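Since every read-out is calculated from the coordinates, none of them should be taken as a lab result. As the structure is a computational prediction, the values presented were derived from the model and not from experiment. Cβ: placed from backbone, ideal geometry, glycine included. Neighbour counts: every protein chain shown.
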Amino acid sequence: MSANGQELIARHTPRDTVAAFLATFVHFAAPVALIYYPGRIGPGTMLVALIAAGIATAPSRIVGSAVAAATLWWFVGMVIAISLDRPLF
């Protein structure tokens, strides 16, 4: 293994692993806001994504995309629920 590979492994902490798992959970749970109650699920996924962003020690694409995806799915779910007269909560 090269020095660059060891350097990358040394920077990766358990906090980053937990943040990545939380972000992955958000990527799977956020689209559920389209089908079920977006007023309950959307803010919950946004909260988990923000917690993952706070836990991460280094900038990560998956954590950043989780925050964006949770917000996007919540917004789309709210638009669909309002346009179809479905319950928000």
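A compact table of results
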read-out	value
Condition met for Ala49 (free of Cβ contacts under 8 Å to residues at least 40 places away in the same chain, on the phi < 0 side of the Ramachandran plot and within 8 Å of the chain's Cα centre (by Cα))	yes
Single match in Thr57, Thr24 (criterion: among the polar types (S, T, N, Q) and in contact with a Lys or Arg (Cβ under 6 Å, 6 or more places away or on another chain))	Thr57
Inter-residue pairs, beta-carbon under 6 Å, first closer than 11 Å to His27 by Cβ and in region 55-71, second assigned to a helix (DSSP H, G or I) and among the hydroxyl-bearing types (Ser, Thr, Tyr), 6+ apart	Ala70/Thr45
Residues located in region 60-89, provided they are in a helix (DSSP H, G or I) and among the charged types (D, E, K, R)	Arg61
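Condition check ((1) within 13 Å of Trp74 (Cα to Cα); (2) part of a helix (DSSP H, G or I)) across all residues:
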site	(1), (2)
Asp16	no, yes
Leu22	no, yes
Phe25	no, yes
Ala30	yes, yes
Arg40	yes, yes
Met46	yes, yes
Ala49	yes, yes
Gly54	no, yes
Ala58	no, no
